[in-house]
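Visitor: This structure is in structure tokens; I'll ask about it shortly.
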Amino acid sequence: MNYVCINRITGMEIREQIEKAWENRDLLRQTQYSQAVEQLMEGLDRGELRTASPGKSGWTVNEWVKKGILLYFGIRKSETIELPPFEFHDKMKLKTGYAEKGVRVVPHAVARYGSFIGKNSILMPSYVNIGAYIGEGTMVDTWATVGSCAQIGSQVHLSGGVGIGGVLEPLQASPVIIEDNCFIGSRAIVVEGVIVEKEAVLGANVVLTKSTRIIDVSHPEPREYKGRIPPRSVVIPGTFPKKFPAGEYQVACALIIGTRKASTDLKTSLNEALREFNVPV
């Protein structure tokens, strides 16, 4: 759901109250302001609000939503959560009501309240933090982590051990965004607001940060990107030589070795990409 629709549902009043409370935390003692924070969190949990919204010109970070999440930590008190023999002590509730949401959750998957999990998604033993958004039909595989405010599209596969970074501060910082129909291979790491665009494939152990050199080597001349993987790219880990005072050494980078073939059957095109380029997953 886009940002314009959200305004019709919640009204600009909630945003105004969040902004005022951010400037003056004493206002949170008043019911109307604390309720505004609670309503914002309910909207996030239902997927009606997002910390970043897609649009025709790209993604927009909704800073006021991130402010509301931080204010929520301020009004919550730590509580003991018991699941004998386990015990936890935290300010944040856990997400509930998976059956009615149509989400499959395998023990010991954990998602915090204020995250959204789309219908027909599957959480293997994994972790989803507050403010994260996961689209319909997405698989979060074993020991994968989805950080705070990360935006994961529909029909995405996050393989075992994948690390998707989170961000709440600075407010203007973009979260990691994995768009629809992407495949993220085992132990891959995506952090610092990197955008992986639609239908891209990351092979096992690819590491993407804002400063990672992303080099397209599928053409006669290399093309370089930073902070963004183009749509349908097939990416593997690589290295490039860099000179230091102590000598020349190999530094990690990401290599785009080709693209997924256009196909109406995305699953088939994914399998073809993995076979054609011999990408480990």
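Visitor: With every atom except the alpha carbons ignored, what do you get for Rg and Dmax of the range 29-135, in angstroms?
Guide: In order Rg, Dmax, the Cα atoms of the range 29-135 give 14.9, 50 Å.
Visitor: Find the percent of Cα-Cα distances in the chain that exceed 31 Å, and round it to a whole number. Spell out each step's value before the answer.
Guide: Numbers: 12491 of 39340 pairs.
Here the tail beyond 31 Å accounts for 32 percent of pairs.
Visitor: If I build a Gaussian network model for the chain, linking alpha-carbon pairs within less than 10 angstrom, which residue out of 250, 172, 39 has the largest mean-square fluctuation?
Guide: For the chain, modelled as a Gaussian network with Cα springs under 10 Å, the answer is 250.
Visitor: Can you list the DSSP H helices in the chain whose Cα atoms extend at least 15 Å along the helix axis and whose mean Kyte-Doolittle hydropathy is 0.0 or higher?
Guide: The answer, listed by residue number, is 63-75.
Visitor: So what's Rg/Rh here for the range 3-75, counting alpha carbon atoms and using the Kirkwood radius for Rh?
Guide: 0.97
Visitor: Taking the Cα centre of the range 3-75 as origin and charging only Cβ (+1 Lys, Arg; -1 Asp, Glu), how large is the dipole, in debye to the nearest 20?
Guide: 200 debye
Visitor: Straight-line reach only, C-alpha to C-alpha below 23 angstrom: list the lysines that residue 119 could link to, leaving out same-chain residues fewer than 8 apart.
Guide: Leaving aside lysines fewer than 8 places away in the same chain, those within reach of residue 119 are 93, 95, 101, 198, 267.
Visitor: Work out, step by step, the length gained on full extension between residue 205 and residue 223: first 0.36 nm times the residue separation, then minus their alpha carbon distance; give nm to one decimal.
Guide: So the extension gain works out to 4.3 nm.
Visitor: Still on this model: Determine the gain in length on full extension of the stretch residue 242-residue 88; use 0.36 nm per residue of separation and subtract their C-alpha separation, reporting nm with one decimal.
Guide: Length gained, residue 242 through residue 88: 50.8 nm.
Visitor: Using a Gaussian network for the chain with springs between C-alpha atoms less than 10 Å apart, which of these wobbles most: 51, 80, 31?
Guide: Taking springs between Cα atoms under 10 Å, the residue moving most is 80.
Each value in this text was obtained by applying a stated rule to the coordinates, not by laboratory testing. In this text, all values refer to a predicted model and were calculated from it rather than measured experimentally. Note that we place each Cβ from the backbone using ideal geometry, even for glycine, and neighbour counts take in every protein chain shown.
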